[in-house]
1. Whose amide H sits under 5 Å from the amide H of Thr292, counting only residues 5 or more places off or on another chain, with H placed in the peptide plane?
2. Past 20 Å, Cα to Cα: identify those pairs from Lys170/Lys198; Lys198/Lys316; Lys182/Lys254; Lys60/Lys198, in the order given.
3. Which ³J(HN,Hα) values in Hz, rounded to whole numbers, follow from the phi angles of segment 84-99 under the Karplus curve 6.51 cos²θ - 1.76 cosθ + 1.60, where θ = phi - 60° and Gly and Pro get x?
4. Which value, in Å² rounded to 10, gives the accessible area of Arg197 with a 1.4 Å probe and all protein chains present?
5. How much accessible surface does Met61 have with a 1.4 Å probe, in Å² rounded to 10?
6. What are the ³J(HN,Hα) couplings of segment 114-121, residue after residue, when phi is run through the Karplus curve with 6.51, -1.76, 1.60 and θ = phi - 60°? Round to Hz, x for glycine and proline.
7. So what are the radius of gyration and Dmax for the Cα set of segment 63-212, in Å?
8. Inverting the mean 1/r over all pairs of different Cα atoms, compute the Kirkwood radius of segment 168-349 and quote it in Å.
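The values are calculated or read from the model by the stated rules, or taken from the named source; none is laboratory data. Computed from a predicted structure; not experimentally measured. Using ideal geometry, Cβ is built from the backbone for each residue, glycine included, and neighbour counts are taken over all protein chains shown. Protein only, heavy atoms only, side chains kept; ligands, DNA and RNA dropped before computing areas. Shrake-Rupley method; radii C 1.70, N 1.55, O 1.52, S 1.80 Å.
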Amino acid sequence: MFSYLRERFASRLRERSRRRARLVSKDGRCNIEFGNVEQSRFVFLIDIWTTILDLRWRYKMTIFISAFLGSWFLFGLLWYVVAYIHKDLPEFNPSINHTPCVENINGLTSAFLFSLETQVTIGYGFRCVTEQCATAIFLLIFQSILGVIINSFMCGAILAKISRSKNRAKTITFSKNAVISKRGGKLCLLIRVANLRKSLLIGSHIYGKLLRTTITPEGETIILDQVNIEFVVDAGNENLFFISPLTIYHIIDKNSPFFHMAAETLLQQDFELVVFLDGTVEATSATCQVRTSYIPEEVLWGYRFAPIVSKTKEGKYRVDFQNFSKTVAVETPHCAFCLYNEKEAKAKEKKGYDNPGFVLSEVNETSDTKM
């Protein structure tokens, strides 16, 4: 009993370690980090727009709030300095005929409120700039221009973050597992993909990359070596009519990296199959990419997907997503090489062979019996 639990625990640890090693998660996020980068992080500030868009929402909102509060407080200090230099504050006891640079600034709080009113163009009418100070007029113009720039940049970043095509990718889903079975007389690897919205992805194109560690003839070890995997549907792999769930498949032939794998050795392989779906969002005309990955434990040999599309009595087509990732066991050759040899043997049985050295000669039968 103890040995069984120990083996079970060790297998779980091996499984967890293999799952941590995947490059692309099921939801498409890349598990990679960069170390010892020679360039300074200052280069990310040069492309500040992309940096802001890539930030998480909590950091973006922190920058959004800090940008406005910081600018309001900074210009509030400047307005307070202008009032202090011009001796408009009550502690200077200005005379009745004294004309301040800004009306009704009595301290730092009122200077902050005037800065807020100026930058967001509220204009309550209680505080206003007079024509007494050229410095105040220049500061008003400068704050107004800078306020428009900050407002345009931050609001544009929020809008771009909300409308990013990356969010559209969340409504494209792949099946939990990939399956290997016969399709059209050929051994194929099949994956199911569905569009959860009624709006289409225009010009959709689907393809895959097989990531594995290979050793070159020169002895070089290449980690994450990429091999192209061609996926097709019955109508091709480009310009998909993505209105209903599609089952895409990869034909396992002699050119496929899965050709030398078998049902018994599949779990012993070390690879990661990354599947990509590119398309254009119909509503915004922005390009969109969806990706997911499959490791050997998520590839089921000898299964096919359960039917998902049916037709109702009213003539409508119904998609049952309860069966989206459901699989059914089917009879499948345990390797592609066996299926290939089986077909070749059957073809040879039906094929005739001519012997060029064979000559048909006619024999005249004679009877020596006389009546």
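1. Counting only residues 5 or more places away or on other chains, the set is Val275.
2. Details: Lys170/Lys198 14 Å; Lys198/Lys316 14 Å; Lys182/Lys254 15 Å; Lys60/Lys198 31 Å.
Pairs exceeding 20 Å: Lys60/Lys198.
3. 5, 5, 7, 6, 8, 6, x, 5, 8, 6, x, 6, 5, 7, 6, 9
4. Rounded to the nearest 10, that gives 130 Å².
5. It works out to around 80 Å².
6. In residue order, the calculated couplings are 5, 4, 4, 5, 5, 6, 9, 6 Hz.
7. 29.7, 101
8. This gives a value of 17.8 Å.
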